[in-house]
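The values are calculated or read from the model by the stated rules, or taken from the named source; none is laboratory data. Since the structure is predicted, the reported quantities are computational estimates derived from the model, not experimental observations. Here Cβ is always computed from backbone atoms with ideal geometry, including for glycine, and neighbour counts include all displayed protein chains. The area values use the complete protein model at the heavy-atom level, side chains included, leaving out ligands, DNA and RNA. Shrake-Rupley method; radii C 1.70, N 1.55, O 1.52, S 1.80 Å.
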Amino acid sequence: MLLSFTACGKGDGETRNSSQLKVGDFTLLYKSACIMKDYAGDDAIVLTLDFTNNSKKSATYFESIIEIPTQNKEQLEFTAVYVSEESDEMVSDSQMMDVAPGEAIEIKTAFVLTDMTSEVEIRFEEMVGDKNASLTIDPTTLSRESVQSGTSALTGNGKEETSGGEQLRDWWNGDRYGWWNVYGCWGAYEELGSAWWDVCGTIDIGADGTGTVTLWDEDYTKAEPMVSASVSLNSAGVGTHGTMMSEGGTFMDIALEHTDWIVDPGLSEYTDMICISGSYENGDDQFTYDIFLRPWGTSWDDAKAEDLPYYYHDWYLPLIEAGEPMPDSIG
């Protein structure tokens, strides 16, 4: 299903060339698009859609729809566009809102453009399933809009951040401990089955909303880590702690790419826990992994026995009871 639009912007406030896109149990009503500057000052196309949930249970747009935008056969990257320079709220925050069966909400989504003249095709796919729909937009027909002036947290503009942005970073930053496991193993890792290991790590995110995640398990150290990732942080999320995304770096011996990780603590079963999910693929060697982390010094008394790190009682508890800082290696 391919829908082309020759005039996609809002002129006098009326929606023009609206169209419905059916994607499995969900309906998307394309309403408008415009050009805005993102957090880094780059031109981004911002789409406005109505998201209707026709399924039998509550759903969010973020967890229901996969977006694949392309321009000149190159996939565009999702980007952060802020509502105003006084706020750390993004135009896309409503993607995280629960929508009851039969209800609809307006959402926005934004992508960095490679140029201002070539058509952009956005393919919308079910997160679970094979239904999809597409639309094509000509950016030369779009109007340009700007955010309100002021100072914003986590905008990457080098200005002073608001206290809300600082509090968001404070929750993420620091030393963490937990465990990680693998499953769906193939090739050289097939014999691992569902193996798991303890893991330590450090998160360091700066005032511009970007930073690093360093992780090591029993076979690595802080100096020679298993993971060295560059990440970005934004305020959108199911809970109050926002969402962290990978932007680059390495996992073992493969590269991490933009959005290989999308980490939302609001989805975790336990308080103050983050879960990082991803996949490893190097030729025929493949596995899927989950990494569970809580701040160093946290008691896991609320966790089920099967959710405790292996060395929790014998190694971790004696260290935190003695007030020791997190070591640079495990065991």
In segment 25-100, the trypsin sites (Lys or Arg not before Pro) that sit in a DSSP loop and have at most 14 other Cβ atoms within 10 Å of their own Cβ are LYS56, LYS57, LYS73
Between the alpha carbon centres of segment 275-314 and segment 118-145 the gap in Å comes to 36
For ARG123, the accessible surface traced by a 1.4 Å probe with all protein chains present amounts, in square angstrom to the nearest 10, to 80
Largest-first ranking of GLU224, GLU106 by accessible area, probe 1.4 Å, whole protein assembly kept, is GLU224, GLU106
With N residues in segment 89-141, Rg(alpha-carbon) / (2.2 N^0.38 Å) equals 1.41
Site ASP314, offset 7 angstrom along Cα→Cβ, radius 19 Å on amide nitrogen, limited to segment 213-237, gives 217-220
For segment 180-232, the percent of all C-alpha pairs falling in each 5 Å bin, from 0 up to the bin holding the max distance, is 5, 19, 19, 18, 18, 12, 6, 3, 1
Treating every alpha carbon of segment 246-331 as one equal point scatterer without solvent, the Debye formula yields log10 I(q)/I(0) values at q = 0.13, 0.25 Å⁻¹ of -0.57, -1.23
note: the chain, Cα-Cα separations exceeding 26 Å make up a percent value of 54
Highest mean packing first, using Cβ neighbours within 10 angstrom, the peptides 317-324, 274-281, 209-216 sort as 209-216, 274-281, 317-324
The distance between the Cα centres of segment 185-234 and segment 23-53, in whole Å, is 32
Semi-axes of segment 48-114 from the Cα gyration tensor (sqrt of 5 times each eigenvalue, largest first, whole Å) come to 24, 17, 8
For the chain the mean separation of alpha carbon contacts under 8 Å (6+ apart) over residue count, i.e. relative contact order in percent, is 14
Over the Cα atoms of segment 195-298 the radius of gyration and the largest Cα-Cα distance (Dmax), both in Å, equal 13.4, 40
From highest to lowest solvent-accessible area (probe 1.4 Å; ligands, DNA and RNA excluded), TRP180, TRP296, TRP186 read TRP186, TRP296, TRP180
Going through LYS108/LYS304; LYS57/LYS304; LYS73/LYS131 one by one, the pairs whose alpha carbons sit over 32 Å apart turn out to be LYS108/LYS304
For the chain, longest principal axis from Cα atoms; helix 163-172 axis from its Cα atoms; angle between them, nearest 10 degrees, is 40
